Amino acid sequence: MAGRAGRTSRGGSRAGDFAAYAVLLVFCAIAVYPVLQVFGIALRPADRLYSTSLAIIPPDATLHSFRVILFEKPFLLWLRNSVLLAAAVTLVSIALAATAGYAFSRYRFRGRETGLQAFLMTQMFPATMLLLPLYVLFKRVHLLDSMLGLGVAYVATAMPFCVWTMKGYYETLPKDLEEAALIDGMGPWGAFVRVVLPLAAPALAITALFSFMASWSEFMVARVILTRPQLFTLPLGLESLAGTFQTEWANYAAGSLLVCLPVVVLFISLNRFLISGLTLGGVKG
Amino acid sequence: MLSVVFYPLLYNFLLAFRNMSLYHFQVTEFVGLRHFRAIFADPSFYSVFAKTLVWTVVNVFFHVTLGVMLGILINRPLPGRAVMRALLILPWAVPQYISALTWKGMFNYEYGAINLMLTRLLHLAPVPWLSDAFWAFVAPILTNVWLGFPFMMIVTLGGLQSIPQEMYEAADIDGATAFQKLTRITLPMLAPILAPAIVLGVVWTFNNLNIVWLVTEGGRPADQSHILNTYIYKSAFAYNRYSYAAAFSVIVFLILLGFLLLTARTQKRQAGA
């Protein structure tokens with residue numbers, strides 16, 4: 001809450017606040033509208049996808065599809081798989097990116113530039129063409145149809161952004177803080193964990209959100225690697241609802257909304273770190 | 001762990017010089033630069049390339065300007081901003097394939113919400129979103145702008161936290177205007193954290209597959225709404241021309257590598273100046 005007290009000093013004029021509200025409300029509406037559409041489809045009885053009405057809630061709304069998706073489909077199994085996978089990927093990504101980003105930002109070593117550029121290079125290849133070789137590679141090392149394999153692939157693809165973000169954020173933190181900690185008798189590791197990491201909370205929150213999202217909603221790689229239905233993640237499960245004969249639109253829409261919920265919850269709980277304002281006063285003197 | 005990324009890269013390079021396709025799946029032979037010559041001789045390569053450039057520039061421009069603007073606005077101490085932040089993040093929270101299908105539904109000529117609003121609320125003519133080549137290019141752009149701004153907003157929000165409050169207080173004492181504070185303090189201080197997000201944003205947008213593919217149903221009408229990556233995907237998985245697609249993706253890779261080297265040099269020059 002220290003942040004909020006410090007921030008009031010920056011509060012703009014009344015008119016400025018009003019304009020900010022207007023713009024933000026317009027964008028909230030734009031952001032929410034398509035999601036409301038999905039909600040409307042989920043509430044429709046049977047699988048009536050098309051409607052010429054602009055009303056979000058249909059007159060004959062029913063929560064039937066939510067019941068179906070939760071209790072008649074293996075949704076909870078997919079949810080469990082996705083949660084475990086995303087949690088593991090997020091933890092590993094944060095640990096690796098926090099330390100690697102720090103090394104890239106504070107130390108000068110051979111291959112530093114090359115390493116940083118190599119991270120970016122991995123993003124340049126059209127993902128479609130990585131799928132076939134990835135399949136061949138995973139087959140060779142027996143990682144097909146395994147959560148570990150999928151997790152490794154997700155961490156590897158999320159790392160470049162995470163490392164670059166952490167590095168960029170560390171660059172904005174003044175070096176004096178660590179130097180002061182070293183003088184106070186902390187080792188380099190202690191200075192990193194006790195001084196630098198807490199200050200880097202906003203960047204850690206971004207990294208966490210990004211790597212969580214990367215594994216939570218990824219579809220193409222999962223499709224190639226997983227074949228056993230017991231291992232399906234949420235995107236694969238939802239896709240299986242878009243069946244071969246007839247798509248169960250209402251169920252699909254209800255499932256989609258349930259998939260978004262954990263992300264919103266995660267975001268709200270990370271909010272605190274994103275707006276922590278921990279650097280306030282940190283550089284005084 | 002890097003082998004997960006680098007091995008496929010290498011494999012793909014080798015594939016580009018062979019003739020793997022539906023007819024030559026097991027036994028492939030070396031064909032040299034044949035696929036590369038075929039791609040550069042094809043006039044549609046140049047039009048798809050130009051479209052990809054427009055697609056990338058327009059998308060990233062809106063992602064960054066909207067993202068930075070909303071990030072700065074939502075950082076103000078307004079009551080209810082926590083709720084607005086949660087709402088504004090929604091486009092990012094919805095998995096991409098769901099958003100793509102939702103927007104495709106909203107672009108439907110007869111039943112889509114967008115045309116219904118245009119005709120009923122504004123009394124305008126309905127727009128042939130998915131059947132006209134021009135609008136079928138605009139539709140995925142609108143979808144992708146919607147999808148992408150929350151990400152840049154969050155990055156901006158994170159970056160704003162690293163700006164010491166004292167700088168604004170000092171600027172207030174010096175009598176700086178709001179605009180001066182924005183251009184002299186906020187934007188320069190945001191640069192180190194926004195720069196990697198923008199560079200990667202360009203690369204991701206350039207290589208986008210899901211949105212263009214799903215919204216236009218694989219390049220409808222008549223393959224006129226492709227960008228490079230969907231074009232490659234169609235070659236590989238609809239026409240099974242694996243090596244041709246591999247060669248194509250090598251070209252895309254080289255284009256992006258050029259872009260990366262260019263930005264790296266600009267950054268170095270700025271750092272040196």
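Of the peptides A:203-212, B:120-129, the order by per-residue mean of other Cβ atoms within 10 Å, starting with the highest, comes out as A:203-212, B:120-129. In terms of distances greater than 29 angstrom between alpha carbons, the cross-link table entries A:Lys167/B:Lys104; B:Lys234/B:Lys268; A:Lys175/B:Lys181; A:Lys139/B:Lys104; A:Lys73/B:Lys104; A:Lys139/B:Lys51 yield A:Lys167/B:Lys104; B:Lys234/B:Lys268; A:Lys139/B:Lys104; A:Lys139/B:Lys51.
Each residue was assigned an accessible area with a 1.4 Å probe, and for A:His64 the value is about 90 Å². For chain B, the membrane-span-like helices by this rule, meaning whole DSSP H stretches whose C-alpha atoms cover at least 30 Å of axis and whose Kyte-Doolittle mean is 0.0 or above, are B:43-74, B:135-160, B:242-272; this says nothing about an actual membrane.
The mean count of C-beta atoms from other chains within 10 Å of the C-beta of residues in A:112-124, rounded to a whole number, is 5.
Of the DSSP H helices in chain A, those that are both long (alpha-carbon extent of 24 Å or more along the helix axis) and hydrophobic (Kyte-Doolittle mean at least 1.6) are A:14-43.
Placing a pseudo-label 7 Å from each Cα along the Cα-to-Cβ vector at A:Glu239 and A:Ser146 gives an inter-label distance of 2.2 nm. Look at the stretch B:146-159: the mean tally of other chain Cβ atoms within 10 Å of its residues' Cβ atoms is 4. Pairs of Cα atoms in chain B fall into 10 Å distance bins, from 0 up to the last occupied one, in shares of 6, 22, 28, 23, 14, 6, 1, 0 percent. Proximity of backbone amide H atoms, modeled 1.01 Å from N, is registered between B:Arg18 and B:Val31 at under 5 Å, excluding neighbours fewer than 5 places apart on the same chain.
Peptides B:98-107, A:15-24, A:142-151, ordered by how many other C-beta atoms sit within 10 Å of their residues on average, highest first, read B:98-107, A:142-151, A:15-24. Interface size, chains B and A: roughly 8400 Å² of accessible area buried, both sides included, 1.4 Å probe, rounded to the nearest 100.
Ranked by the mean number of other Cβ atoms within 10 Å of their residues, highest first, the peptides A:66-72, A:130-136 fall in the order A:130-136, A:66-72. Per residue, the solvent-accessible area of the protein assembly as shown (1.4 Å probe, heavy atoms of protein chains only, all protein chains present) comes to 45 Å². Using heavy atoms of the protein chains and a probe of 1.4 Å, the accessible area assigned to A:Trp249 is about 70 Å².
Remark: mean inter-chain Cβ contacts per residue of A:259-266 equal 4, using a 10 Å Cβ-Cβ cutoff to other protein chain atoms.
The values are calculated or read from the model by the stated rules, or taken from the named source; none is laboratory data. What you see is a predicted model; the values in this text were computed from it and never measured. Cβ: placed from backbone, ideal geometry, glycine included. Neighbour counts: every protein chain shown. When the accessible area is computed, the model is the full protein with side chains, heavy atoms only, and any ligands, DNA or RNA have been set aside. Shrake-Rupley method; radii C 1.70, N 1.55, O 1.52, S 1.80 Å.
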